[in-house]
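Could you have a look at this structure, given as structure tokens, before my questions?
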Amino acid sequence: MQTLPIKRLDRELIERIATQARQSPRLRQTYSFHDGLEKVQRFVNILQPGTYVRPHRHCRDGGINGFEFFLVCQGALGMLVMNDRGEIVTTELVSAGGAVWGLELPEATYHTAVALAPDTIILELKEGPYNSSTDKEFLEQFPAEGTDAAQQLVATWETYFQ
């Protein structure tokens, strides 16, 4: 019987990922505990304030459920749930020290998120396997990453949680 290595989410790993997130133009960085073909995707996502997550949803084929589960381990996350016209349906404050620590979005739910504290650490769970070409369906009316319009949206969305 082959002994598989134990995978740890420890301070050293968090510091390394957080440093990468701070230095990234996207202001976020992930670390996967799974390989791309595994049935359960599990990863840490560290976000910095100012990161732009273009509104999107996950629709999966072949009996794969497109849900997403988020658990905030440190910091705070503002989650915005939208309809197919890009209108905000609800906002959720999810934080390690708050009333809501995590949430699960059902398949085909348009959403975005804003980091409300430095080094916001999220543990995410999704059903795999991961396919980068079909994982996300973006709302086309929202700007691409790296644009001034995207940064203006982030600034607006942050005010919803102040």
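The values are calculated or read from the model by the stated rules, or taken from the named source; none is laboratory data. Quantities reported herein were computed from a predicted structural model and do not represent experimental measurements. Here Cβ is always computed from backbone atoms with ideal geometry, including for glycine, and neighbour counts include all displayed protein chains. Note: areas computed on protein heavy atoms with side chains; ligands, DNA, RNA excluded. Shrake-Rupley method; radii C 1.70, N 1.55, O 1.52, S 1.80 Å.
Cβ-Cβ distance below 7 Å, separation of 6 or more or different chains: which pairs start in region 35-61 with a residue that is more than 25 Å from residue 115 (Cα to Cα) and end on one that is assigned to a loop (DSSP other than H, G, I, E, B) and open to solvent by 60 Å² or more (accessible area, probe 1.4 Å)?
Taking only residues 6 or more apart or on different chains, the pairs are 36/130; 60/107.
Would you check if residue 71 is within 18 Å of the chain's Cα centre (by Cα), open to solvent by less than 60 Å² (accessible area, probe 1.4 Å) and not charged (D, E, K, R)?
On the way: within 18 Å of the chain's Cα centre (by Cα): yes; open to solvent by less than 60 Å² (accessible area, probe 1.4 Å): yes; not charged (D, E, K, R): yes.
Criteria met by residue 71.
Taking residue 118 and the conditions (1) more than 22 Å from residue 13 (Cβ to Cβ); (2) at pLDDT 95 or above; (3) more than 14 Å from the chain's Cα centre (by Cα); (4) surrounded by fewer than 17 Cβ atoms within 10 Å (Cβ to Cβ), which numbered condition does it fall short on, given that it satisfies the others?
(1)
Before we move on, is residue 88 of a type in the set (Val, Ile, Thr) and within 13 Å of the chain's Cα centre (by Cα)? Break it down into steps so the answer makes sense when it comes.
On the way: of a type in the set (Val, Ile, Thr): yes; within 13 Å of the chain's Cα centre (by Cα): no.
In short, no.
Consider residue 155 carefully, then state whether it is more than 19 Å from residue 45 (Cα to Cα), in contact (Cβ under 8 Å) with a residue 40 or more places away in the chain and of a type in the set (Gly, Ala, Ser). Before you say what the answer is, go through the steps one by one.
On the way: more than 19 Å from residue 45 (Cα to Cα): yes; in contact (Cβ under 8 Å) with a residue 40 or more places away in the chain: no; of a type in the set (Gly, Ala, Ser): yes.
So residue 155 does not fit the description; no.
Output the number of residues of region 133-162 satisfying the condition of being surrounded by 10 or more Cβ atoms within 10 Å (Cβ to Cβ), among the polar types (S, T, N, Q) and not in a helix (DSSP H, G or I).
2
So is residue 50 over 17 Å from the mean Cα position of the chain (by Cα) and among the small types (Gly, Ala, Ser) or not?
Against the criterion (over 17 Å from the mean Cα position of the chain (by Cα) and among the small types (Gly, Ala, Ser)), residue 50 does not qualify.
Next up: Within region 28-57, can you find the residues that are farther than 21 Å from residue 121 by Cβ and either among the aliphatic types (A, V, I, L, M) or surrounded by 18 or more Cβ atoms within 10 Å (Cβ to Cβ) (or both)?
Result: 37, 55, 57.
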